[in-house]
Every structure is written in structure tokens, then in C-alpha cells.
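The structure appears right after this line, and notes come after that.
Bear in mind these aren't lab numbers, they're just calculated from the coordinates by the rules spelled out. Keep in mind it's a predicted model, so treat the numbers as computed, not measured. All Cβ positions, glycine included, derive from the backbone under ideal geometry; neighbour counts span all protein chains shown.
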């Protein structure tokens, strides 16, 4: 319906008393032609918007229980078909996480532009149990937005077709930073001077497009942020303003946190990509962007399907690990890459399940690390281990034989020397010399291997100090 200076009336066309508007019992909602929320008043937010739920960009039908959606659509359709009439409908709405149901009665009216073309639905609702049924106003006729919001904490003002201020409440004066006792002159002067603000731009845009226009604005001196909607009508433009300082500051803090987190992720050498359960890309760091663009000649874009970036070589391992992560466990696998120059690169793929603050699954974080250096280091450790095993073998077997022979010869010389001929004694000494030479060779071999082992270890320690 057109927004004119009309009263809300009961079935006998008796204007409803002002105390009803001042009581805070009414929920005020404006949706576009698709049913998406454009505006809701504070009382609606306090009742229906929980801490973890935001109605921004939601549709009216999303906040109505399934059994009543058809009734809501039917009432809205009648409004569009009969712009001069209002239609009543009883709706049950979920509260919080949907564990409770709120019974409410709503009156839908169409919002029309200057050409009398419907551009949205204006609805006023109230809790059935909170208002005396003896009033018995079954339907609201000729709803006036400014009258309903006059005493609201939300700002509201109305302009004529010539953009002259015809009415403004105290909240709007605060939002616009103009004195309420001289609001008309100050505002009209701003219009004449064509002061460029998001609010005034939205007003002009709504008139030119003949459609509702949303906007965001702030007052630096008051550290105040507010959102608004300009709605054209037959008499001019109605504007509703909402203080969203807390939400905007939260967004600013969140953006700052995201920027810090992004800086941290971009500073790492690891490739990090966040993928949702439908394989769509949610986020990635700079390393991931550069790596994927270099390998696949394709750019990572948030919202795109990540499966386009999975090579055949890892496809089987990828889907296996991704499934494990979706089921709540960490999974990993390794891949060896051989380059044209014969060098090799080792990559480790790690898949982590990712949850939000409510422990709801967001998706999977895929982290790719270059583990070539650690692989080479482990290979050296393995080679050194094999060398130590060789030394241990020499010590336990090869050294023992000549040593046993030497000990036997010495024992024979000690105990049987008086009974031996000179030639036999000389032969024993020659044998003793021979076995000693064998033992010396084995000891030299062990010494050499040990020196090589110690030398490599010393070089690693030197490298560590240099890198540090």
C-alpha cells in the first residue's frame, strides 16, 4: 500500500490508541518483493534474533515454521493483488534455536512506489497472548509507518516529493546530527547544498529508481554507525534508521582479526586451503594461490570447485584423506616428485577437520608442506645408522678373531716356552705379529668410519649455527 497519513484502526474503523504504539508490543517488518528482510524494529530483534543468529539477508519464510509458510505467502500475494488492502495472518515463529514456538498475529500491507507499483511488504505483528482479545481488531487498515515508529528507538522521518522534511523523530535527529527543534531548516539546507552523505544519496536514489534503497552511514564525532532504508511513496520518501554501532564495530574487529590471521597464514611457507564439504574453496593463503596457479595454470577463487586442482597422481589419496578428515580425524600422505634435472622434491599433504565456534563442521583444511629437507636429513640419519651397524659388526666379529688368536699365542708362549724349540718360538712370534697387523687394520677401519661419522655430525652442527 502507499504510505500515507493513515491511522491503524480496528474492525469498526476506530483509531487505535497511541498507548499501543508506545507499549512496545508491535513487531515491525519490511521485506522486498522476494520476501527478504529489509528492516525489522528493535522489539523484533530482541524477540527473534538470538546471539548466534543474524536475520540479515534472510527471507521472512525462514523465520516461520514450515506449516505456516504457505499462509504467509498467501497473505503477501493478496497484498500485491490488492494494494489498497491489508490482510491478517496468524503465524508461528521459532525462538532461539527453534526449541520454542511463538504465536503471533500479523497484518500484511503492500508498499507501493510513486507509480503505485508494489515494491515490498510492510507488516506489523504482535504476540496473540500479550494483547487483550477484547480489543478485537482483526485487521489493521491504512497503516502509517511514521506513526508506528514515531516513539521508537529507531530513527524515522518523512520527506515530501519536493524533499522537504515533514516529520522526524528524536532518534532520527540524533542519527543525522541535527537539532530536533530546528530539524526542518537544517535538513532542508543540507538538501539544497547537496551535501553528499550515504543517507541523502539513498534518498535521491530511491526517488530516481522508484525502489527501496538500503544504505550504511556513520557519525565520526559521536562514534555512531547506523543502517537505513529509504522507501518512496505517493507523498515522497519515508526513511528508517537503525543504530548498528555494536554490529559494525564487531565487524571491524573481526576484519582486523581476519587481516592479522591472513598475514600470519601468508607468512608461512606452507600451502593452506580451506575446502567445504561440497569441495568449494572457502579460503586460501598466498602460497596456495601462487602454487596452484604455477602448477595448474588456473587461479584459486573463493566459491569455485577445488576438484579442478586435484592432479591424477594424488587423486586417490586425496579423496581418501579428505573423507577421513570430514569424519573428524586428521589424515596425511606423502608424494615424491622427480624433476627434469633429476632432483627430487617430497611433499606432505595433511588434512585437518575444521569446526566453527559451535563445533559445527565447516570443512577441511588441506596443508601442503615441502618436506624434502627433512626427508634428506632422515636419509642421512639412516645412512649413518647403517654405518654404525657396520662398526658394531666389525667390533663384535672381525676384531674378535685376531684378538682371540693373539691371546692364544701369548698364552702358549707364556706356558709352553720352556718346552718349545727356538724355531717354534720364532714361528709363534711371527704368527703373533701377523695377527697384530690384522687387528691393526680392523682398528684403522673402525677409526676411519668413526671419524667420517663424527665429521658429518660436526658439519650438521656447524650448519645449524650458520642458519641460526
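Fully extended, how many nm does the chain gain between residue 220 and residue 320 (0.36 nm per residue separation, minus their Cα-Cα distance)? Intermediate values should be presented prior to the final figure.
On the way: separation 100, 0.36 × 100 = 36.00 nm, distance 5.33 nm.
Residue separation times 0.36 nm, minus the Cα-Cα distance, leaves 30.7 nm.
On a C-alpha basis, how far is the centre of the range 215-236 from the centre of the range 163-189 in Å? Whole number, if you could?
After rounding, the separation between the Cα centres reads 12 Å.
Would you list 65, 446 from fewest to most Cβ contacts within 10 Å?
65, 446
Got a sec? How would 301, 364, 350, 124 order by Cβ neighbour count within 10 Å, fewest to most?
301, 350, 124, 364
Full extension from residue 250 to residue 393: what is 0.36 nm times the residue separation minus their Cα-Cα distance, to one decimal in nm?
44.6 nm
Sorted from fewest to most neighbouring beta carbons within 10 Å, what does the list 346, 106 look like?
Fewest-to-most ranking of 346, 106: 346, 106.
Quick check: Cα centre of the range 63-114 to Cα centre of the range 283-325, how many Å?
The range 63-114 and the range 283-325 have Cα centres spaced 45 Å from each other.
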